[in-house]
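*Asks:* A single structure is presented below for examination.
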Amino acid sequence: MKDQTINDQNKLIELIQSQGRNITALELTEDECGFAGDVVGAEIKLTVAIDYQDDEDDQNPYRIK
């Protein structure tokens, strides 16, 4: 199951990067069954940096340049 979790994580990373986004942080948590050591669930947290380039922002008088 751990290999499946890593594969799913890598698919998410590839999908996000294919959209031109940069992943700035990643956290993977797996929940294991106490006796068997089997993974019964996983949580993948990704932090993605999105840079909005907009000409109108340059015209905003309240924006710090």
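Any read-out appearing in this document is the output of simple, stated calculations on the displayed coordinates, not a laboratory observation. Small disclaimer: the values here were computed from a predicted structure and weren't measured. Every residue, glycine as well, gets a Cβ built from its backbone with ideal geometry; the counts of neighbours run over all protein chains shown.
*Asks:* Under the Karplus relation 6.51 cos²θ - 1.76 cosθ + 1.60, θ = phi - 60°, what is the ordered set of whole-Hz ³J(HN,Hα) values for segment 9-16, x standing for Gly and Pro?
*Replies:* After applying 6.51 cos²θ - 1.76 cosθ + 1.60, I find 4, 5, 5, 4, 4, 4, 5, 5 Hz.
*Asks:* Could you tell me the calculated FRET efficiency between residue 6 and residue 48, based on Cβ-Cβ distance and R0 = 22 angstrom, to the nearest 0.05? Could you put the intermediate results ahead of the total?
*Replies:* Values: r = 19 Å, r/R0 = 0.86.
The pair residue 6/residue 48 has a calculated efficiency of 0.70.
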